[in-house]
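The values are calculated or read from the model by the stated rules, or taken from the named source; none is laboratory data. Keep in mind that what you see is a predicted model, and the values were worked out from it rather than measured. Please note: Cβ atoms are built from the backbone with ideal geometry, for glycine as well, and neighbour counts cover all protein chains shown. Calculation scope for accessible area: heavy atoms of the full protein, side chains included, ligands and nucleic acids excluded. Shrake-Rupley method; radii C 1.70, N 1.55, O 1.52, S 1.80 Å.
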Amino acid sequence: MPTSMTTAEAITLATDVLVNWVWPVEAAPPAPDRLDVTLKEPKELIPMVTALRVQRLGYLSAITGLDLGPEDGRLEILYQFCVAAAVITIRVPIPREDATIQSLTDLIPGAEPYERELSEMFGVTVVGMRNPLRLYLPDDWPEGVYPLRKDFDPSVLHNHHKEQSDAAAED
Amino acid sequence: MQPQKTEQFTVPIGPQHPALKEPSSFLISVDGEVVTNAIVRLGYAHRGIEKATESRTYVQNLYLLERICGICSHIHGTAFAMGVERLAGVEVPPRAQAIRLIIAELERIHSHMLWLGVGAHQGGFDALFMFSWRDRETVMDLLESISGNRVNYSANVLGGVKFDLTAAHIGDILKALDYLEERTHHYLKVVTTDASFLQRTRGIGTMTRHQAEVLGAIGPTARASGVLRDVRIEAPYGAYVDHPVTTITDDRGDLEARFAVRIKELFESYRLIREVLDDLPPGDIKTRVKRKIPEGEAAFRVEAPRGELFYFIKSDGTDIPSRVKVRTPTICNMTSVVKLAVGHQLADVPMILAGIDPCFSCNDRMVRVNRNNGSDGWTWEQLRQHGIEYYKQRSQDYDPLVVG
């Protein structure tokens, strides 16, 4: 019964499934109740999440985006699965300039709002999203501006809205 | 013969007040009175808080994050403070842990009673709405007497809590709990026996156990579908380690079950507060936390009144966090609303929406747009000056007050 799995059992099972993966992966336990697995290739995400689902190991609690900055040139997407007190994180580093990731919504329908948020806040193209509409940002938000990236400059919005209202005044 | 063509009509609900007094927008496609599709659009109360945390210190962020939600403010502060304390490797004194639990449970009581009122109002039962909100004032008064504030109590500091509970507070709390317990028995009887109200709740918006798991429902919404998901039990934190919670679940999964689960959870909160007050550990209420937080990442989960609240904090070794991610409970349950509405009467949609106890301020939190009829936005100083002038006209002078 998955719901009665203890934290230790969950970590052991997750280690078994994810660390002894078909291809070698980097893994670290930052705390006794956590397991972080870093993927080498974004395409490994779907098979790995499928493996977690087959084992009924936890539920997707959050998708966290991290911008490692323009110097580093990477974004990191964290898929956090929780079971009992265990937090199992699949970390997917992707290039900032070509940020593309597969959607999880076919496996986990509840991932839809998280992916919509990730996509608009970090400029990540999520392939296979059922509803690619904006979730939080306004309809007139400028294209190509991603607020949770580290190099986001709020003055872009000032200019954007000023241009819009000037254009409206001319009409 | 051609089959008769069915016309689809889309009803926009919101963004103004789709069910409660908060903004969100739903595009509901209907065939006659029956809902065939629903699309949600959020963000009308989006304030850019996650981004704002990246330019404020940990201490400032504690107060900022508490303002994500006016109803469950304490739990946001607790999740952040406990996450930071874990990163800093600080042990919080037991008395502070106990006080955090008591405030959290008082918050759960007032949140559930608020919801009971909103739910009743949506069902057209305004007497219940007014009674439950009257009784909710009991808790609000308690919180005000303890902290000085009805909402945003600011009970937490990094490393403990700000104020102690005196003998007078404890007496007041115990007296209030006796009164509330009696009232809660009455409410449970009403929502499970009132025939006209049951017509609006029984068998409406039913979510099976399997659906709840697949759609990722959490909190009382999931527990009303028989899914035992409660962070206080799965991953006990703070004083919940020593004071375990009994979870209330219900297998029916309809609106009636959601009412029953939340009301029964009130009894559990009363029991828990009494248990902790009975055995309140003596000692300090705070410990010192260094201004700079060591490099690292922490994921911290707590049980908010609406379900699991998830915080992810990344520190780069300075006094300002590199990233704070907040995943609030409503966003998890929103998927279920959109799916459950299909097949129901349009008139049931507000009830189904209210059934998950949505909190849009929680949902929407990240980006601030300066838009003031085309002119530039206000700076902090301008806003402050406006506030001072505003109150001066109302004969209150805050000018000499120096902030900073």
Cα convex hull volume per residue for the stretch A:1-141 (Å³): 114 Å³
Residue of B:Gly123, B:Gly32, B:Gly48 that the Gaussian network model of chain B assigns the largest fluctuation, springs spanning Cα pairs under 10 Å: B:Gly32
B:Glu295-A:Glu163 FRET efficiency (beta carbon distance; Förster radius 45 Å; 0.05 resolution): 0.65
Chymotrypsin sites (Phe, Trp or Tyr not before Pro), loop per DSSP, at most 13 other Cβ atoms within 10 Å - longest free stretch of chain B: B:1-377
Within straight-line cross-link reach of B:Lys264, lysines at Cα separation under 19 Å, skipping those fewer than 8 residues along the same chain: B:Lys189
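How would B:Ser395, B:Ser29 line up by accessible area, probe 1.4 Å, largest first?
Numbers: B:Ser395 105, B:Ser29 20 Å².
Correct descending sequence by accessible area is B:Ser395, B:Ser29.
Using the Cα centre as the reference, give the magnitude of the dipole from point charges on the C-beta atoms of the protein assembly as shown (Lys, Arg: +1; Asp, Glu: -1; all else neutral), rounded to the nearest 20 debye. Show your work: numbers first, answer last.
On the way: 62 positive and 77 negative charges, 117 e Å.
About 560 debye.
Hey, which of these cross-link pairs are over 32 Å Cα-Cα: A:Lys150/B:Lys339; A:Lys43/B:Lys314; B:Lys162/B:Lys314? Don't skip to the end; give the middle numbers.
Numbers: A:Lys150/B:Lys339 35 Å; A:Lys43/B:Lys314 26 Å; B:Lys162/B:Lys314 25 Å.
Pairs exceeding 32 Å: A:Lys150/B:Lys339.
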Alpha carbon centroid spacing (whole Å) that separates the stretch B:169-230 from the stretch A:1-63: 34 Å
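Which value, in debye to the nearest 20, gives the size of the charge dipole of the stretch B:49-331 about its Cα centre, when Lys and Arg are +1 and Asp and Glu are -1 at the Cβ?
Details: 37 positive and 38 negative charges, 143 e Å.
Charge dipole of the stretch B:49-331: 680 debye, to the nearest 20.
Can you tell me the length gained on complete extension of the stretch B:Ala168 to B:Arg384, counting 0.36 nm per residue apart and subtracting the Cα distance? Mind showing how you got there, number by number?
Values: separation 216, 0.36 × 216 = 77.76 nm, distance 3.72 nm.
Taking B:Ala168 through B:Arg384 to full extension adds about 74.0 nm, to one decimal.
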Top positive-direction residue, dipole computed over the stretch B:49-331 with Cβ charges, set B:Thr208, B:Ala104, B:Ile293: B:Ile293
Among B:Gly70, B:Gly43, B:Gly171: highest mean-square fluctuation, GNM of chain B, C-alpha pairs under 10 Å: B:Gly171
Largest-first principal axis extents of the Cα set of the stretch A:59-170 (Å): 58, 32, 25
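From the Cα trace of the protein assembly as shown, what convex hull volume per residue do you get, rounded to a whole Å³?
Values: hull volume 111.2 nm³, N = 575.
Output value, Cα hull per residue: 193 Å³.
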By accessible area with a 1.4 Å probe, ligands and nucleic acids excluded, highest first: order of B:Asp141, B:Asp194: B:Asp141, B:Asp194
Computed accessible area, B:Ile248, all protein chains, 1.4 angstrom probe, square angstrom: 30 Å²
For chain A, built as a Gaussian network whose Cα springs stay under 10 Å, the top-fluctuating residue of A:Glu44, A:Glu71, A:Glu120: A:Glu71
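Treating only the Cβ atoms of Lys and Arg (+1) and Asp and Glu (-1) as charged, compute the dipole magnitude of chain A about its Cα centre; round to the nearest 20 debye.
Details: 14 positive and 27 negative charges, 180 e Å.
Charge dipole, chain A, about its Cα centre: 860 debye, nearest 20.
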Angle between chain B longest axis and helix B:73-88 axis [Cα atoms, degrees, rounded to 10]: 50 degrees
Along each principal axis, Cα extent of the stretch B:175-217, largest first, Å: 42, 26, 10
Label-to-label distance, nm, for residues given as B:Ile233 and B:Asp178 (7 Å Cα→Cβ offset): 3.1 nm
Cross-link reach list, lysines versus B:Lys392, counting only Cα pairs under 23 Å and skipping chain neighbours closer than eight places: none
B:His185-B:His210 FRET efficiency (beta carbon distance; Förster radius 25 Å; 0.05 resolution): 0.15
P(r) weight above 28 Å for the stretch B:49-331, C-alpha pairs, percent: 37 percent
Whole-percent pair-distance distribution, where bins are 10 Å wide, for the alpha carbons of the stretch B:108-199: 15, 41, 27, 14, 3, 0
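When the helix-only estimate is applied to chain B (DSSP H runs of n ≥ 4, each -39,500 (n - 2.57), divided by the residue count), what is the mean residue ellipticity at 222 nm, nearest 500 deg cm²/dmol? Walk me through the intermediate numbers first.
Working: 15 runs with 193 residues, N = 404.
That calculation yields -15000 deg cm²/dmol at 222 nm.
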Positive-end extreme of charge dipole, the stretch A:2-170 - chosen from A:Thr15, A:Met48, A:Gly73 (charges on Cβ): A:Thr15
Pairwise centroid distance, computed over Cα atoms, of the stretch B:261-314 with the stretch A:114-157, Å: 33 Å
Whole-number percent relative contact order across chain B, with pairs defined as alpha carbons under 8 Å at least 6 apart: 24 percent
Test item: B:39-46 mean partner chain Cβ contacts at 10 Å: 5
Distance in nm between pseudo-label sites at A:Asp72 and A:Thr12 (7 Å out along the Cβ direction from Cα): 3.4 nm
Volume of the Cα convex hull of the stretch B:103-151, divided per residue and given in Å³: 53 Å³
